[in-house]
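Report on the following structure.
The values are calculated or read from the model by the stated rules, or taken from the named source; none is laboratory data. Everything quoted here is computed from the prediction, not taken from an experiment. Backbone-built Cβ (ideal geometry, glycine too); neighbour counts: all protein chains shown.
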Amino acid sequence: MSDVIVIKVGSSTLVDEAGGLREDVLARRVAEVAGLRAQGAHPVLVSSGAIACGIGTLGFSRRPDALPDMQAASAVGQGALFARYIAEFGRHGAVPGQVLLTSADLERRSSYLNARNTLERLVALGAIPVINENDTTATDELTFGDNDVLAAQVAILLRARMLLLLTDREGLFAPGPDGPALIHEVPAGTAPRDIRLADLPGSGRGTGGIASKLASAAMATGSGAACVIASGEADGVIPAAVAGEAVGTRFAPADRAEGAFKLWLRHAKAAQGRVVVDAGAVRALVQQGTSLLPVGVVSCDGLFPAGEAVLVVGPDGREVGKGIADLSADEIRAVRGMRSEEALGLLSGGSAEVIHRDRFAPAVR
């Protein structure tokens, strides 16, 4: 689907310090999103704010730490938040569609594809998806961490042209001789660790910090989308960013995007174990693009069946990539270090490959 724009609005933008919804800000952002749709683009909105909206209603003085309290706040706040979206989009003749996701929905390949089909159908029917994490059922082990990462996942899922992360700042700032200075452009291929940032305080009303925004930008740009981090309070910020105007911090997309399967494997599929390989296997996987064979395996950690994702780690402990194992953990341990002919003689049939090259995604360097 062409010209998909994923826009994430954070809690720090939508919710005031008392936990109340900033309805004027929400109304202005909705008007801009609806304007994109009227111009023929396909906007998708990822909205935080459910927990923050529920905090004030339930009488919490601050964002709770306990998971049941956060889930209760989300259950109360999500309905109130989406009711406002229905009303505001209705003023512009647009129809929002609520979609609540957990990371487990994207980890399974079947539900990942189903989520993509649903979102694409909503967009094709003229609706504007409004997505949030399903905080009422997500657990500590099955969360995106914050909606920056969820938005990046959605951008990858839909092969978006742009990911726009709206926050309480104008963009990213670097330390300068006269104080923090706005970073206008980040070249393609820049690793998050190579970006020097000024130390600025956060608002405390959301879970996403600078690290999550950098990681989300790397995820999105790796899929071929541009990414912009900008102020969610500035008038006209959404159409300006989409038009390529000098607003916020813009990350250039990768020159060459990876295939959808490997993007899903790298960013959505959770690893169930770890395979340590020798230096020769690292070269074969990364430089030559070959499959991982038993002879290159040093050790295997975890208990998993064939078909699960595993991290591949080099002899220095650095991550080499992630792949779908063709063998179970027990089988990998049984054949580690063997040549393929020996491994085939020990296995009860099938392939002696530990990970096929088509099901391996190298780590982003």
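Only residues that are surrounded by fewer than 23 Cβ atoms within 10 Å (Cβ to Cβ) and of a type in the set (A, V, I, L, M): list them for the range 227-246, please. Show your work before the answer.
Quick first cut of the range 227-246, residues surrounded by fewer than 23 Cβ atoms within 10 Å (Cβ to Cβ) only: 230-231, 233-236, 239-240, 243-246.
Those that are surrounded by fewer than 23 Cβ atoms within 10 Å (Cβ to Cβ) and of a type in the set (A, V, I, L, M): Ala230, Ala234, Ala240, Ala243, Ala246.
Tell me which of these Gly323 doesn't satisfy, since it passes every other one: (1) over 25 Å from Glu107 (Cβ atoms); (2) surrounded by 19 or more Cβ atoms within 10 Å (Cβ to Cβ).
Going through (1) over 25 Å from Glu107 (Cβ atoms); (2) surrounded by 19 or more Cβ atoms within 10 Å (Cβ to Cβ) one by one, Gly323 breaks only (1).
Before we move on, is Arg283 in contact (Cβ under 8 Å) with a residue 40 or more places away in the chain and either under 30 Å from the mean Cα position of the chain (by Cα) or in a loop (DSSP other than H, G, I, E, B) (or both)?
no
Look at Val44 and say whether it is hydrophobic (A, V, I, L, M, F, W, C) and either at pLDDT 95 or above or under 22 Å from the mean Cα position of the chain (by Cα) (or both). Reasoning before the result, please.
Working: hydrophobic (A, V, I, L, M, F, W, C): yes; either at pLDDT 95 or above or under 22 Å from the mean Cα position of the chain (by Cα) (or both): yes.
It is true that Val44 is hydrophobic (A, V, I, L, M, F, W, C) and either at pLDDT 95 or above or under 22 Å from the mean Cα position of the chain (by Cα) (or both).
Which one of the conditions (1) of a type in the set (Lys, Arg); (2) touching a strand residue (DSSP E or B) at 6+ places or on another chain (Cβ under 7 Å); (3) in the same structural domain as Ala151 (by TED's automatic domain parsing) does Arg256 fail to meet, given that it meets all the rest?
(2)
Here's a check for you: in the range 339-362, which residue that is among the hydrophobic types (A, V, I, L, M, F, W, C) and either crowded, with 18+ Cβ neighbours inside 10 Å or in contact (Cβ under 8 Å) with a residue 60 or more places away in the chain (or both) is farthest from Leu263 (Cα to Cα)?
Only one residue fits best here, namely Ala343.
Looking at this structure, is Lys262 over 15 Å from Ala151 (Cα atoms), of a type in the set (Lys, Arg), assigned to a loop (DSSP other than H, G, I, E, B) and touching a Phe, Trp or Tyr at 6+ places or on another chain (Cβ under 9 Å)? Outline the logic, then answer.
Values: over 15 Å from Ala151 (Cα atoms): yes; of a type in the set (Lys, Arg): yes; assigned to a loop (DSSP other than H, G, I, E, B): no; touching a Phe, Trp or Tyr at 6+ places or on another chain (Cβ under 9 Å): yes.
So Lys262 does not fit the description; no.
Only residues that are in a helix (DSSP H, G or I), at pLDDT below 90 and among the hydrophobic types (A, V, I, L, M, F, W, C): list them for the range 1-29, please.
Matches in the range 1-29: Leu14 only.
So if I check each of Glu32, Glu23, Glu17, which one is touching a Pro at 6+ places or on another chain (Cβ under 9 Å) and of a type in the set (Asp, Glu)?
Numbers: Glu23 fails: touching a Pro at 6+ places or on another chain (Cβ under 9 Å); Glu17 fails: touching a Pro at 6+ places or on another chain (Cβ under 9 Å).
Residue meeting the stated conditions: Glu32.
Within the range 30-60, work out how many residues are crowded, with 24+ Cβ neighbours inside 10 Å and assigned to a helix (DSSP H, G or I).
8
Which condition number does Ser299 fail, the rest of (1) touching a strand residue (DSSP E or B) at 6+ places or on another chain (Cβ under 6 Å); (2) among the small types (Gly, Ala, Ser); (3) surrounded by 15 or more Cβ atoms within 10 Å (Cβ to Cβ) being met?
Among (1) touching a strand residue (DSSP E or B) at 6+ places or on another chain (Cβ under 6 Å); (2) among the small types (Gly, Ala, Ser); (3) surrounded by 15 or more Cβ atoms within 10 Å (Cβ to Cβ), the lone unmet condition for Ser299 is (3).
Select from the range 51-71 the residues that are hydrophobic (A, V, I, L, M, F, W, C) and touching a residue at least 40 places away in the same chain (Cβ under 8 Å) and list them in ascending order. Break it down stepwise before answering.
Narrowing the range 51-71 to residues hydrophobic (A, V, I, L, M, F, W, C): 51-53, 55, 58, 60, 66-67, 70.
The answer is Ile51, Ala52, Phe60, Leu67, Met70.
Which of (1) closer than 24 Å to Ala41 by Cα; (2) of a type outside the set (Ser, Thr, Tyr); (3) surrounded by fewer than 22 Cβ atoms within 10 Å (Cβ to Cβ); (4) touching a Ser or Thr at 6+ places or on another chain (Cβ under 7 Å) is the odd one out, the single condition Ala155 does not satisfy?
(3)
Could you grab me the full set of residues in the range 25-84 that are within 29 Å of Glu120 (Cβ to Cβ) and basic (Lys, Arg)?
Listed by number, the residues that qualify are Arg28, Arg29, Arg37, Arg84.
Only one residue in Arg196, Arg121 is over 26 Å from His92 (Cα atoms), modelled with pLDDT of 85 or more and basic (Lys, Arg). Which one?
On the way: Arg121 fails: over 26 Å from His92 (Cα atoms).
Result: Arg196 is the single residue among Arg196, Arg121 that is over 26 Å from His92 (Cα atoms), modelled with pLDDT of 85 or more and basic (Lys, Arg).
Residue check: is Gly179 loosely packed, with under 15 Cβ neighbours inside 10 Å and under 30 Å from Ile51 (Cβ atoms)? Walk me through it before giving the result.
Values: loosely packed, with under 15 Cβ neighbours inside 10 Å: yes; under 30 Å from Ile51 (Cβ atoms): no.
No, not satisfied.
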